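Everything below concerns the one structure shown next.
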Amino acid sequence: MDLRSELLKSIWYAFTALDVEKSGKVSKSQLKVLSHNLYTVLCIPHDPAALEEHFRDDDDGPVSSQGYMPYLNKYILDKFLSPLYAFRLWCLFIFLSEDRYPLVIIPDEVEYLLKKLCMAMSVELNCVELEDFISQDSVQQNGFIVWAFLEMMNSGKLMRGIAKETISMAIEEVYREIVGDVLKEGYLWKKGQLRRNWIERWFTLRPSTLIYFTSEDRKDRKGNIQLDGNCCVEVLPDRDGKRCMFCLKTLTKTYELSASDTKQRQEWTTAIQTATRLHVEGKTSLHKDLKLKRREQREQREKRREAKEQELQRLRALQEERERKMAELELLKEAQRQAQALLEQDELRRRQQHEQLQQALEIQLKEAEEARASMQAEMALKEAEAERQRKRIKELEAMQQRLEEALQQEIKARQDEEAFRYAQARLLAEEEEKMKALMSLREEQEEYIQRAQREKQEKILSLITHPSVAAQRKLRQASTNVKHWNVQMNRLMHPIGPGEKRPSGSGSFSSFRIPSQKDPGLRMRQKSDEQDEESKENMESRGGCESDRRLSTNGDMEIP
């Protein structure tokens, strides 16, 4: 795909992004902003007044009459696409440019790119012309913009006598190496995995992958070898009529390869090891890493240069300081000479004054000796007075100390007395509280005893006057049991009639049946007797004589 198609594709993305309603139309104001941005990004010289004229709001402008695509081709792309290889150079410019806007490329990166191109063409770089371009003030301050870079490459001054086809091929090779991350490519002999025959293939090495094609046009890809930290390259001895052999070992396969000469084998093994190292380090591009390293080296050089300039400035400042101090020293020497002369005059005057003072002092000394004798006598009197005063002060201090001790003892005695009174009052209050609690507890106990006695009397009275519900229930059950046994006894004592049949082999008392232990009537009678005995015991303990008499009377009436 050519350069114009590449640019139109990217501009088409911008156009579709502006088409919010998906109608295929964009307003003139938005197209004007897009065109202005394209002029700015591609650094194409343009006239703002002409831009306003082209996108005016009527039907006469070039955008209104022909559409935006002819305007794009005529006013923007035709100015940008002068050489055929401009797109590759533009991509190289973007890759090597600095990370700031607007995009510029510094002279060091331009020199690096030109050296790569010259190495691809096997020619020498014209350093004189390059120095002329780089020595310009605008380039030294800001670097190359894209138009200045393309103009320098299209001028032909740096590569005189070289065919354009050679330059285009060199640019394509450097483009694939730097932008396409191609570490190395070329023909190698490869040994087949199944047929084990040697076939010549075109190999392209990128970080983490080695691809081989049928030919160098790279249309028919035959295989792809993934490179990782487990891959290794080993040099093999010559055999099978092949020389300069080496093998690439992966986890799954081992590939045997053969180069044209020893130099190519060394270059291929080094390149594969570099690709493996980049994959292990997590880097996707060798030249991005090299670009960062060159930038770090430039920053280090810049730091060293700044440090050197600072050192020179410091040395110049020290030299100026030294010269200033020398001048100050000369001034100081002159001032010292003047001060010496003044000092001699002062010394002479001082000596005269000293002699006069000495004479006056001798007179004063005599007077002082006389005054000293009188002062000594006076001092002896005052010393005796002071000794008496010191003794008096010591006596007063001893008396004050005794008074303070007595005061402290009195204070302590009063505090102890107050504490004792407080403790005694607290104990009296506690005793009074305990006495109140005991009195209240005694009243509660007496009240509880009286209430218990009343309840006991009420219960005894109620038991005497009214039988309990349980006693009445037991009486009813006993009456029922007596009636049941009367019925049983009547049935058993019934005489046998003359018309009834008697079973053979039976006696005269066969119809009379003695109740057994399993008879339910007997069990009920026994249970009734036990309940009667229990009820009698309860009634006797509670004074229930009347209930016993009623129970016996009912029993006599029920027995036939």
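Couple of notes before you dig in:
- The set of residues from the stretch 22-49 being assigned to a helix (DSSP H, G or I) and either surrounded by 12 or more Cβ atoms within 10 Å (Cβ to Cβ) or modelled with pLDDT under 75 (or both) comprises K28, Q30, L31, K32, V33, L34, S35, H36, L38, Y39, T40, V41.
- Selection count where residues are assigned to a strand (DSSP E or B), closer than 20 Å to D238 by Cβ and of a type outside the set (K, R), scope the stretch 187-202: 6
- The set of residues in the stretch 221-257 that are of a type in the set (D, E, K, R) and either outside any loop (DSSP other than H, G, I, E, B) or free of Cβ contacts under 8 Å to residues at least 40 places away in the same chain (or both) comprises R221, K222, E234, D238, R239, K242, R243, K249, E256.
- Residue count for the stretch 258-302, restricted to those that are outside any helix (DSSP H, G or I), open to solvent by less than 30 Å² (accessible area, probe 1.4 Å) and either of a type in the set (K, R) or under 15 Å from R206 (Cβ atoms) (or both): 1
- Residue match in the stretch 148-171 (condition: open to solvent by 60 Å² or more (accessible area, probe 1.4 Å) and touching a residue at least 60 places away in the same chain (Cβ under 8 Å)): yes
- Of all residues in the stretch 203-220 being touching a residue at least 24 places away in the same chain (Cβ under 8 Å) and in a loop (DSSP other than H, G, I, E, B), the one that is farthest from H279 (Cα to Cα): E216
- Remark: A360 matches the filter, which requires a residue to be open to solvent by less than 70 Å² (accessible area, probe 1.4 Å) and farther than 30 Å from R195 by Cα.
- Taking the criterion of being open to solvent by less than 30 Å² (accessible area, probe 1.4 Å) and of a type in the set (S, T, N, Q), the residues of the stretch 186-232 that qualify are T204, T209.
- Residue within the stretch 303-319 that is part of a helix (DSSP H, G or I), farther than 30 Å from S208 by Cβ and under 37 Å from the mean Cα position of the chain (by Cα) present: yes
The values are calculated or read from the model by the stated rules, or taken from the named source; none is laboratory data. Just so you know, these numbers come straight off a predicted model, no measurement behind them. Positions of Cβ are generated from backbone atoms using ideal geometry, with glycine treated the same way; all protein chains shown enter the neighbour counts. Heads up: the accessible areas ignore ligands, DNA and RNA and are worked out on the full protein's heavy atoms, side chains in. Shrake-Rupley method; radii C 1.70, N 1.55, O 1.52, S 1.80 Å.
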